[in-house]
1. Express in whole angstrom the spacing between the alpha-carbon centres of the range 131-205 and the range 687-734.
2. Can you give the extra length, in nm with one decimal, that the chain gains between ARG390 and ASP183 once fully stretched, where that is 0.36 nm per residue apart less the Cα-Cα distance?
3. Taking a quarter of the surface of the convex hull around the Cα atoms of the range 349-437, what do you get in nm²?
4. In square nanometres, what is the average projected area of the Cα convex hull of the range 623-669?
5. How long are the three semi-axes of the equivalent ellipsoid of the range 109-172, in whole Å, if each is the root of 5 times an eigenvalue of the C-alpha gyration tensor, listed from largest down?
6. Per the Debye formula with a single identical scatterer at each Cα and no solvent contribution, what log10 I(q)/I(0) holds for the range 250-333 at q = 0.12, 0.25 Å⁻¹?
7. What span do the alpha-carbon atoms of the range 701-814 cover on each of the three principal axes, reported in whole Å from largest to smallest?
8. Limiting things to C-alpha atoms, what are the Rg and the maximum Cα-Cα separation (Dmax) for the range 537-629, in angstroms?
Amino acid sequence: MTDCLKNCESTVINECVPVDLMCEYATDPLGIDIAKPRFSWKTVCNRRGMKQTSYQILVAKSLEMLEQDIGEMWDSGKVESGISIGVVYGGKPLENRKCYWWKVRIWDEEGNVSCYSKAAKFETAFLDASEWKAQWIACLITKPGSCMFRREFRIDREITQARAYITGLGYYELRINGNKVGDHVLDPGWTDYTKRVLYSTYDVTNNLKIGMNAIGVILGNGWHCFSETEERSKCIPQMLLQLHINYADGEEEIIVSDRRSGWYASSDSPIVQNSIYNGETYDARLEKTGWDMAGFDMNGKDQGSWDLPLIVEGPGGELRAQALEPIKVISDIKPIRVTNPAPGIYVYDMGQNFAGWAKIRVKGDRGTVVTMKFAEVLYEDGTVNRENLRTARQLDTYILKGEGVEVYEPRFTYHGFRYVQLEGFPGEPDINTITGRVVRSSVEPIGSFSCSNTLVNQIHRNVVWTESNNLHSVPTDCPQRDERLGWLNDMTVRAEEAVFNFNLARLYSKWMDDITDAQGEKTGAITDVAPFIRYGGRPADPVASSYLIFPWLMYLHYGDIKVIETHYENMKKWVSYMSGLAGEDYIINYSRIGDWAPPFAQAIEGSVGASAISAITPGALISTGYYYYNAVLMAKFAKVLGRAEEAVEYEELADKIKEAMNNTFFDRDTNNYGPGNQASNVFPLYLGIVPEENKQAVLDNLINDIVKNDTHITTGNLCTKYIIEVLTEMGRVDVAYALVTQTTYPSWGYMISKGATTIWERWEYVTGGKLIEMASHNHPMYGSVGAWFYKYLAGINVNEEGPGFSKFTIKPYMPDGLDFAEGSVKTMLGVVLSRWKRNDKALNMEVAVPCNSTAKICVPVPGDAKGKFIIKEGGRSLWQEGKFTGNAAGVAKAIEEDGYICFETGSGEYHFECIW
Ligand code: BGC
């Protein structure tokens with residue numbers, strides 16, 4: 001046993017070992033509230049073709065038990081299954097607030113059993129909401145600034161463990177004995193608080209000490225009180241806290257937020273104003289030094305007024321443990337230059353447009369007011385241009401206390417910016433005065449891509465930045481103006497790029513809940529934005545199909561079935577709502593968004609979104625197309641869930657919509673859909689509804705239109721994704737590549753030629769004028785092209801038959817002019833890698849297939865070599881004179897397909913060489 005464990009910790013030759021154990025997509029999660037959590041693991045193995053055939057999981061209450069191979073909570077026994085993602089806990093009921101240890105061993109395809117993995121753990125929070133004894137508390141006087149709470153308590157003996165469970169609306173910061181607890185910022189994640197409120201769990205064992213202790217909590221307005229003009233009574237900042245202290249003698253003490261037990265509240269905080277959109281004002285002169293420490297004198301001079309807190313009803317939503325990754329400060333950015341465009345005005349160029357805030361170091365007289373204005377672009381005179389922020393002020397103000405070097409960064413706001421304009425600074429600031437703080441949901445980046453074209457690399461980089469700038473517990477549309485909302489429209493096309501670049505399993509599960517929370521209970525209609533706030537209506541425009549696209553992508557990329565199970569009935573309701581909209585002719589005429597924000601010349605001038613509605617693409621074609629897409633996805637979900645009859649019903653529905661679309665929009669004489677513009681022709685091709693015999697002619701029309709437009713797209717946010725992918729799939733990667741690498745307007749290259757470090761909301765470069773109302777420079781929807789880099793240039797493709805990359809295809813497309821590309825994705829099973837390089841004589845392809853996975857690896861056949869080529873793997877012949885010679889280990893068979901020779905392989909690292 002000991003030897004085996006030792007083996008698991010070292011590299012094992014010829015033995016396969018389960019590693020990287022995850023529970024609910026997290027390593028050793030603290031504070032989950034799921035009664036039957038899911039387990040996943042990867043396998044490492046030094047040989048090819050590893051397949052898991054069985055597993056055994058042990059779950060124990062202690063590490064000691066587990067080390068004796070006893071799973072008293074759950075011993076799954078040997079389960080014959082190849083599944084290593086999302087195995088659902090099947091043991092005794094879990095208890096509240098307990099830590100459990102688990103490990104797994106596996107059997108491979110030859111029946112060899114591995115040793116047990118290293119132990120992993122998970123800890124429950126409140127599985128049962130009645131465990132919450134705390135009360136929601138607020139400040140007696142609600143000022144626009146922030147509310148602070150404090151409570152002292154004594155610890156008189158040794159403690160073994162302490163946990164704090166807390167939530168605070170809009171945002172909270174928890175402090176114990178003078179220090180911030182944990183590294184979450186802008187916590188909790190944003191939800192519709194009347195439906196669900198997320199709480200976090202912190203291990204505070206080491207924050208406490210024997211003797212007197214103090215807890216301090218500061219609240220910010222966040223999304224709860226996002227409007228500073230809104231009546232305060234509607235959005236009282238409030239918090240809920242429960243601290244469990246376990247003593248060495250076995251006793252437990254619980255400290256809860258309430259009005260009786262020594263809590264005090266004050267709204268005399270140094271944060272005198274805070275707003276997500278508008279920024280924060282911090283008056284350091286109002287700091288109450290020591291307020292979060294024991295012994296603070298609440299009656300002391302200038303220590304503010306402290307009263308008993310107010311008990312409030314709470315927002316009403318169900319309390320749920322926050323399962324998604326908290327928002328954190330991810331990294332720091334140093335400015336690349338500072339200019340002084342006018343007396344007393346300093347402008348910092350951070351070199352990158354990003355979401356977060358700035359930290360400032362300043363020394364000066366008490367009462368000096370320093371402001372930081374955040375912006376994405378500059379005026380010609382070098383000062384910040386903030387016209388595109390609409391009403392969002394994005395302004396942080398710091399008022400000095402005058403005590404040496406003061407360091408400030410805000411707590412309850414964030415901005416989208418590249419430039420910071422510093423005003424009122426005492427003396428002359430230098431490049432080190434300001435540091436950029438990148439802030440987002442701390443999801444794991446999992447993708448990498450690069451190729452031999454520097455423009456393509458730059459577009460990829462801009463896409464990744466833009467995506468990451470828009471992950472703040474919901475996938476937002478932008479991080480700067482008075483919006484920052486989870487638009488389902490944008491996600492319809494953006495999501496696939498996102499799942500390649502980040503592990504969004506937890507964030508998307510949470511957002512699916514947000515969408516369901518906003519769904520009309522009776523009608524089933526969903527909303528355009530979730531959480532539902534401000535803009536966007538109900539029913540959503542059918543372009544909000546991300547509701548179904550998400551679960552499908554999560555199934556394909558992360559092997560997640562639960563998200564389909566959980567939301568299946570609600571998705572059904574939404575599709576039946578759409579059926580109501582469509583009526584008997586299966587055409588949905590309801591459209592408010594359509595193929596949004598195409599180049600200005602294609603749009604209706606003066607339409608909503610500052611001329612964002614397409615003047616050409618029929619809204620009904622887009623809406624009905626998405627209705628079809630939804631029916632197809634419902635059929636797939638029904639199949640995954642084993643609901644065969646419903647799958648057939650949805651397939652029949654899809655067929656009827658397809659027929660109706662072709663009857664209504666397709667002209668068989670001209671081979672055009674609708675008016676025959678790019679979007680109208682490409683969407684049906686993407687959906688696969690074009691009659692077989694007309695496909696080529698529709699494609700020809702599409703290409704003619706692209707040529708007519710001098711190799712430019714005329715599409716909006718949705719069809720831009722489709723045009724690039726359809727062209728590639730249909731044999732015209734040359735045209736797709738030309739569009740992607742275009743540098744004149746409208747194109748991604750044009751954005752970059754204007755200095756963009758992120759992707760814009762529209763194709764135009766807008767810094768003023770009539771389009772300024774909708775001119776975000778950090779908007780991920782056109783970043784949808786990011787999926788193309790992975791799927792086509794690197795050629796990494798999921799396979800429906802093998803969710804979670806348990807089966808996948810590598811099929812790179814190699815446009816002329818590109819001689820190298822490489823992409824990799826850290827999947828739930830391990831790293832998938834595809835790297836190719838070619839010259840006039842040979843092509844080299846390296847592929848990594850994780851353990852417990854199989855791949856179809858397609859090596860492109862050189863166009864003019866006509867059978868006169870050979871393919872080797874690791875130096876051994878695999879394909880010669882038109883035949884599979886099959887000499888390499890792990891490569892099962894080969895077939896010729898669409899100009900590729902495709903090999904079926906098991907796990908392992910492969911090096912193919914095609915020589916002609
Ligand atoms: C958002 C878009 C969104 C659109 C739909 C805009 O204000 O920023 O990304 O899709 O509205 O109407």
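1. Cα centres, the range 131-205 to the range 687-734: 53 Å.
2. 71.4 nm
3. Value for the range 349-437: 5.9 nm².
4. The number I arrive at for the range 623-669 is 3.1 nm².
5. 42, 19, 12
6. Log10 of I(q)/I(0), two decimals: -0.64, -1.20.
7. 51, 32, 21
8. Gyration radius and largest Cα-Cα distance of the range 537-629: 15.3, 44 Å.
The values are calculated or read from the model by the stated rules, or taken from the named source; none is laboratory data. Everything numeric in this text was worked out from a predicted model, so none of it was measured. As a convention, Cβ positions derive from the backbone with ideal geometry for all residues, glycine included, and neighbour counts pool all protein chains shown. For the accessible areas, the whole protein counts, side chains as well, though only heavy atoms, and no ligand, DNA or RNA atoms are used. Shrake-Rupley method; radii C 1.70, N 1.55, O 1.52, S 1.80 Å.
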